[in-house]
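The values are calculated or read from the model by the stated rules, or taken from the named source; none is laboratory data. What you see is a predicted model; the values in this text were computed from it and never measured. Every residue, glycine among them, receives a Cβ derived from its backbone with ideal geometry; neighbour counts consider all protein chains shown. Only protein heavy atoms, including side chains, enter the accessible area calculation; ligands, DNA and RNA are left aside. Shrake-Rupley method; radii C 1.70, N 1.55, O 1.52, S 1.80 Å.
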Amino acid sequence: MVTAATTEVRAGRSRKARTSGVSRHAYPLWFYLPAAVLFLVFFAIPTFASFYFSLTRWTLFDQEFIGFENYVQFFREPQLYQGFINTLIYGFLTSGLKVVIGLALAVLLTSALVGRHFLRSVIFFPVLVSTIGVGIMFKALLDPFDGMVNGALETLGITGPGWLTDPDLALYSIIGIDVWKGLGIACLIYIAGLVAIPTEYYEAARVDGASKWAAFKSITLPLVKPATGTVIILSLIGGLRSFDLIWATTGGGPGFSSDVIGSVIYKQYQAGFYGLSTAGNVVLFVVVTVIMVPISLMLNKREVEQ
């Protein structure tokens, strides 16, 4: 009796273990299904369709396979070289400025500053505003004749430049606008990283006689490296894919001085060269991937080593 009961209990446990094992492995797989469907519908299928249509001369009603002719023609575009250089300048400069200024503001806004919560809201507010709206607003503010910025400079006896009409200043003016608009995200990420640092580290450094700069260099900078990596990746991807702010302010002008790859592609769409512009989108995708993958791997490797 004891032997039979023990055998039955063991058999029941074995069946339960097999059943729970099956359900334990099968249950989470269903959670991947909605994400997989969304990934296929909104990313994988459009991506592969873009690669195919970049090899065709197409309209909404017909298409003709022409191989790599669109790519050859795209790389012959006279403004492409300038647009590629401007894209790199725009991406790396906006990313670097957001890292430096965002960290400085985050340190300030996590200190014992009066009204720091209000100032956090003020800095984050531009993130919530439409990019096109920001572009139109700054286009009016930076107008060389009727803009408020040059008007304020005139009251000080300074002749304001053509911020968006001077070929030497246009791109850098837009970079400044982009940094102003996106600084809130960088600052928020850094604030989250700073408040996660235990205060005991700073207290120990103070007891050892370390200055504020020494504590910042030895404690703050190493411990916010994950936040820095996040800011660099997000800012750089956004900068390399920039288009809307540039189009709203200068349209890529004057001339081709503020053109980026995105605006070059859009001009091809406007001209009705859909296959050519699709090839440009594929080129932009490859450029962003080639730049971002090594940077992401390098940043992740450093975080693991820390």
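Bridging of Lys98 to lysines at a Cα separation below 21 Å is possible for Lys181, Lys217, Lys225, once same-chain residues fewer than 8 apart are set aside. Scanning the chain for chymotrypsin sites (Phe, Trp or Tyr not before Pro) in DSSP loops with at most 11 neighbouring Cβ atoms within 10 Å leaves 146-306 as the longest stretch between them. All distinct Cα pairs of the chain go into the 1/r average, and the inverse of that average, the Kirkwood radius, is 23.8 Å.
When the accessible area of the chain is computed with all protein chains present and a 1.4 Å probe, what percentage of it is carbon and sulfur? Don't jump to the answer; show the numbers that get you there.
Values: 13020 of 18730 Å².
The computed percentage sits at 70.
Its relative contact order, with pairs defined as Cα atoms under 8 Å and 6+ residues apart, puts the range 69-304 at 33 percent. Computed over the chain, the per-residue total of -39500 (n - 2.57) for DSSP H runs of n ≥ 4 gives a 222 nm mean residue ellipticity of -23500 deg cm²/dmol, rounded to 500. Ligands, DNA and RNA are left out, and with a 1.4 angstrom probe the accessible area of the range 69-304 is 53 Å² per residue.
Size descriptors for the range 96-215 (Cα atoms only): Rg and Dmax, in that order, 18.8, 58 Å. Estimated at the nearest 10 Å², the accessible area of Asp168 is 120 Å² with a 1.4 Å probe. So what's Rg/Rh here for the range 178-306, counting alpha carbon atoms and using the Kirkwood radius for Rh? Computed over Cα atoms, the ratio is 1.16. Rolling a 1.4 Å probe over the protein heavy atoms leaves Ser257 with an accessible area of roughly 20 Å². One Cα centroid belongs to the range 249-277, the other to the range 161-198; the line between them spans 24 Å.
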